[in-house]
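Participant: One structure, pasted below without further comment.
The values are calculated or read from the model by the stated rules, or taken from the named source; none is laboratory data. Values in this document were obtained by computation on a predicted structure and should not be read as measured data. FYI the Cβ positions are ideal-geometry reconstructions off the backbone, even for glycines, and counts take in every protein chain you see.
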Amino acid sequence: MVNEKKPVLHPSPQDPSHEAVEIDITIHVFTVSATLVGVCLTVIGIFIMNRRLSHVKSYGEELLALDALLFLSSCIISYSSLRLRRKGRRHRLERLAEEVFFTALTFMVLICILIIYELV
């Protein structure tokens, strides 16, 4: 009888492997970027319902729609990397998903600054 070990995605907290950490980060990027797509769409809906922000509406809606697409791209790329079995390609996709995610996050902060500046 051969005692085979099953691969574990989340090893013991004392010694997490580099691969487990990368997969964990990718899962977080996937879930958070999917959530932030919903946040962007919610804010676009608020802009549409609130006609008092007409001078911000066109810029804010368009920029948030673009930002939602960036978060969606990050979500799709991170999901794709989770599905891959080849380590080299998976790591490249994980890195790309993180870069797109942080670009979209930075863009969201800039959009918020624009909206606050226009409200004041």
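Participant: Kindly indicate whether any position in the stretch 41-52 is modelled with pLDDT of 85 or more, surrounded by 14 or more Cβ atoms within 10 Å (Cβ to Cβ), in contact with a helix residue (DSSP H, G or I) (Cβ under 8 Å, 6 or more places away or on another chain) and of a type in the set (A, V, I, L, M).
Facilitator: no
Participant: Looking only at the stretch 95-116, how many residues end up being modelled with pLDDT under 90 and farther than 24 Å from residue 47 by Cα?
Facilitator: Residues that pass the stated criteria total 0.
Participant: Within the stretch 75-90, which residues are buried (at least 16 other Cβ atoms within 10 Å of the Cβ) and charged (D, E, K, R)?
Facilitator: Of everything in the stretch 75-90, just one residue is buried (at least 16 other Cβ atoms within 10 Å of the Cβ) and charged (D, E, K, R), namely 90.
Participant: So in the stretch 64-74, with the set limited to residues that are of a type in the set (Gly, Ala, Ser) and farther than 17 Å from residue 47 by Cα, which one is surrounded by the most Cβ atoms within 10 Å (Cβ to Cβ)? Lay out the reasoning, then the answer.
Facilitator: Residues of the stretch 64-74 of a type in the set (Gly, Ala, Ser): 65, 68, 73-74.
Remaining after also requiring farther than 17 Å from residue 47 by Cα: 73-74.
On the way: 73: 18, 74: 27.
The extreme case among them is 74.
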